[in-house]
Number of protein chains: 2
Amino acid sequence: MTQPGPDTATVTLAHGNGGRLMRQLIDAVFVRQLGNPWLAPLADAAILPPFPDGDHELVFTSDGVTVQPLFFAGGDIGSLAVHGTVNDLAVCGATPRYLSLNAFLEEGLPLEALERIVESLAEAARACDVQVVAGDTKVLPRGLCGGLYFGVSGIGTRPAGLTLGTHGIRAGDAVLVSGPLGDHGIAVMLAREEFGLSGNLASDSASVLPLTRALLTMPGLRFMRDPTRGGLATVLHEVIQATGLGVTLEEPRLPIRGSVRSVCDMLGYDPLYLACEGRVVAIVAEDEADEALCRWQALPQGRGAQRIGALDPHHDRLLLVNEWGGERLLQELEDDPLPRIC
Amino acid sequence: MTQPGPDTATVTLAHGNGGRLMRQLIDAVFVRQLGNPWLAPLADAAILPPFPDGDHELVFTSDGVTVQPLFFAGGDIGSLAVHGTVNDLAVCGATPRYLSLNAFLEEGLPLEALERIVESLAEAARACDVQVVAGDTKVLPRGLCGGLYFGVSGIGTRPAGLTLGTHGIRAGDAVLVSGPLGDHGIAVMLAREEFGLSGNLASDSASVLPLTRALLTMPGLRFMRDPTRGGLATVLHEVIQATGLGVTLEEPRLPIRGSVRSVCDMLGYDPLYLACEGRVVAIVAEDEADEALCRWQALPQGRGAQRIGALDPHHDRLLLVNEWGGERLLQELEDDPLPRIC
């Protein structure tokens, strides 16, 4: 067996963080057994063969939601479940159509909480114009489930022949992000009593469909991804591994709220590794980057968008350059800074 | 809020048993919020509008798998995950095409066990000719997950216009079952050390595709369902509620292995409420019942098939008649006899 990491005998929390160990686990266990032409384990969704008329492709995606606590400023596990799957479809250029919902409920979960969560889930689905059409409910004995987990799958459609992905990325392409980084991660952390912190920061949990649609018609659009678990740094590490190119980020251009920065400084987190749930990272041809940024900044969801860096042929790392020219390497995530963040 | 059961404040294990409380919970919480023309909460899968050419329908389904222990005679959580979703599609008359896999892993799960499970899952998928094309992995802190849960969703296709369902059922129609009842439930129970029992009974976990395909061409085929959680009795209660007709079962014709009967007698279970994972219940026009039975008995999976009863316009209950004409009412399931059976 390919060794999925230093702790080879058991699953560790770091196997769930979106970073290196998780990638190795998925490769060593899941891809090795399940590999097929459509399984793209690090992409957000599978693009299925045109079916059955050749004009449209089905896009199929899956997302587990285990956030704790179940309610936090700006959302809850219900709205997050919808946005997570809708966004996985959106960044593939698809229009989300149908969702399925696997609910894992813990014995003792207050029905009032479940009802509020499903209400919020339904509201988010209506707002995204998707239908929940299939579901299953399992109840786990007390102590064997952290309240409530959702497994969500989604079907979307997109015009056949759309070529988004890391394969189109070229040296010099621009890296854009649609808004402030780390809001979701910090909002969930603030909702955890264990940190003893409070603040008025809300999660960015939202549909990114308006953002992805705004760029879809641009010929220079190469790649989009929503930076959830593992954050911006983790998305860019996947790009680096897929392309062999480096990425150089300009620190002064990174959109990060002061309140997020403060909490990160206090607790020792790096906002570039924190989950967003309503942002898009896009890679765009250099000569269309300004136009893409304009399109995003014209949207309410994209007012905080920034062009933050470029694909760099001179190295193969993720490099952060500060305002004085100082450089810092951003490594792939090792341990899991925040289990159950999404 | 509609009261989902006597214990109205929290989720109980009985909310997961497939019976009355679970139906009420799903109606009161999920259907009320999420209702739409395609959501058929008690059916196994959603039939989506013909897309996009009118010749085929997409069938979309979802199933959570939480069986404990992870390994049992005749299968494991990996093969069960595939068979559960494949069978939900098959009983709708669909050909399974694609699966998505949400894995919830507990910190500390031995990687060797995970590897064996995914290997078994992949083997089952190959045997069913389905591709796992999308997935997500979440790791839960120790104690917050019973080892491993899967949320599986599946996409199948079927010719547009197939009319299977409870709406076609008529008084006098025959009820058939494709093989012995309760094998899966008892095999999992025997694998649990807490019962201190052993035996050589294996789960019936398998694809039912050959069984469903054998009947699909029959004009008198009304309805098919795989009797998983809650068993045969639960499927027939759904039929009774949907049609307003009663069902009379002939006890001597029920295929139940002696070993299953013995364990049930010892532990106080009723095999008619135990989960199968490789059987089909079919409802067929009376004049085609013999032909349907012949077709099933000609298959290796259907050798133990039996015609077990009929739709009865003279009452609206589930009635079991023994060889001496004695009658017993089979109620809807109340508590959960066997949590984590599938």
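The values are calculated or read from the model by the stated rules, or taken from the named source; none is laboratory data. Being a predicted model, the structure only gives us computed values, none of them experimental. Here the Cβ is made from the backbone with ideal geometry for all residues, glycine too, and neighbour counts use every protein chain on show. All accessible areas refer to the heavy atoms of the entire protein, side chains included, with ligands and DNA or RNA removed. Shrake-Rupley method; radii C 1.70, N 1.55, O 1.52, S 1.80 Å.
Among the residues of the stretch B:201-214, is any within 21 Å of B:A292 (Cα to Cα), outside the structural domain of B:V82 (by TED's automatic domain parsing) and in contact with a strand residue (DSSP E or B) (Cβ under 7 Å, 6 or more places away or on another chain)? Within the stretch B:201-214 (the criterion being within 21 Å of B:A292 (Cα to Cα), outside the structural domain of B:V82 (by TED's automatic domain parsing) and in contact with a strand residue (DSSP E or B) (Cβ under 7 Å, 6 or more places away or on another chain)), the answer is yes, since at least one residue qualifies. Scanning the stretch A:308-326 finds one or more residues that are among the acidic types (D, E) and within 18 Å of A:I169 (Cα to Cα).
Of the residues making up the stretch B:184-222, those that are open to solvent by 20 Å² or more (accessible area, probe 1.4 Å) and in a loop (DSSP other than H, G, I, E, B) number 10. State whether the residues of the stretch B:208-218 include one that is hydrophobic (A, V, I, L, M, F, W, C) and out of contact with any helix residue (DSSP H, G or I) (no Cβ under 8 Å at 6 or more places or on another chain). Within the stretch B:208-218, one or more residues are hydrophobic (A, V, I, L, M, F, W, C) and out of contact with any helix residue (DSSP H, G or I) (no Cβ under 8 Å at 6 or more places or on another chain). Residues that are modelled with pLDDT of 90 or more and more than 7 Å from chain B (Cβ to nearest Cβ) within the stretch A:144-157 comprise A:G147, A:L148, A:F150, A:V152, A:G154, A:G156, listed in sequence order. Filtering the stretch A:102-146 to residues that are in contact (Cβ under 8 Å) with a residue 60 or more places away in the chain, farther than 18 Å from B:A9 by Cα and either of a type outside the set (G, A, S) or in contact with an Asp or Glu (Cβ under 8 Å, 6 or more places away or on another chain) (or both) leaves only A:C128. Screening A:L144 on (1) within 27 Å of B:L148 (Cβ to Cβ); (2) touching a Ser or Thr at 6+ places or on another chain (Cβ under 6 Å) shows it passes everything except condition (2). Scan the stretch B:242-264 and tell me whether some residue there is at positive phi and in contact (Cβ under 8 Å) with a residue 24 or more places away in the chain. There is at least one residue in the stretch B:242-264 that is at positive phi and in contact (Cβ under 8 Å) with a residue 24 or more places away in the chain. For the stretch B:237-265, a residue qualifies if it is open to solvent by 40 Å² or more (accessible area, probe 1.4 Å), outside any helix (DSSP H, G or I) and closer than 13 Å to B:V175 by Cβ, and exactly one does: B:E250. Only one of the numbered conditions (1) open to solvent by 10 Å² or more (accessible area, probe 1.4 Å); (2) under 18 Å from the mean Cα position of the chain (by Cα); (3) assigned by TED's automatic domain parsing to the domain that holds B:A275 is not met by B:L176, and that is (1).
For residues that are open to solvent by 20 Å² or more (accessible area, probe 1.4 Å) and either of a type in the set (D, E) or touching a Phe, Trp or Tyr at 6+ places or on another chain (Cβ under 7 Å) (or both), scanning just the stretch A:1-46, find the one that is modelled with the highest pLDDT. Step by step, filter the stretch A:1-46, then rank; the result is A:D27. Which of the residues belonging to the stretch B:272-294 are out of contact with any strand residue (DSSP E or B) (no Cβ under 8 Å at 6 or more places or on another chain), in contact (Cβ under 8 Å) with a residue 24 or more places away in the chain and surrounded by fewer than 19 Cβ atoms within 10 Å (Cβ to Cβ)? Correct list: B:D287, B:E291.
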